[in-house]
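A short reminder: the numbers here are calculations on the coordinates, not readings from a lab. Keep in mind the model is a prediction, meaning the values are calculated, not measured. Cβ coordinates were reconstructed from backbone atoms using ideal geometry, including for glycine residues, and neighbour counts include every protein chain displayed.
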Amino acid sequence: MNNDLVVKIFTISNGLEEIDQVKIIRIKSKDYNLLIMKDYLAMIGRVEGSVEIETEKETIRKENIEGYYIHQHNQFKLLIKELVYEHSE
């Protein structure tokens, strides 16, 4: 494994998705914009907006999300909150 960022995204519907060799992460939330790169400070927060994950090969976008993230030791973990719809008859 090289020294790039690793991203782990968890949702109830899709389980755990892991993305290696990440170069940059952009968070656009309703209250702030944030750019995370290798060796960035440790942080924890909430996002209401979008997250873009850039690797050398592609850009992965998670838009219109609500969730929580933690970044430390070049590992970014994102837990996306999903709405549970009640079925009424």
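For the chain, the dipole from Cβ point charges (+1 on Lys and Arg, -1 on Asp and Glu) about the Cα centre works out to 320 debye, to the nearest 20. What label, among (1) 13.7, 53; (2) 11.6, 33; (3) 25.1, 67, belongs to Rg and Dmax of the Cα atoms in Å computed from the structure on display? Matching the structure shown: (1). A crude spin-label estimate for the pair Y40 and I12, with each label 7 Å from Cα along the Cβ direction, gives 2.8 nm. Applying a DSSP loop filter and a limit of 14 other Cβ atoms within 10 Å to the trypsin sites (Lys or Arg not before Pro) in region 24-55 leaves K30, K38.
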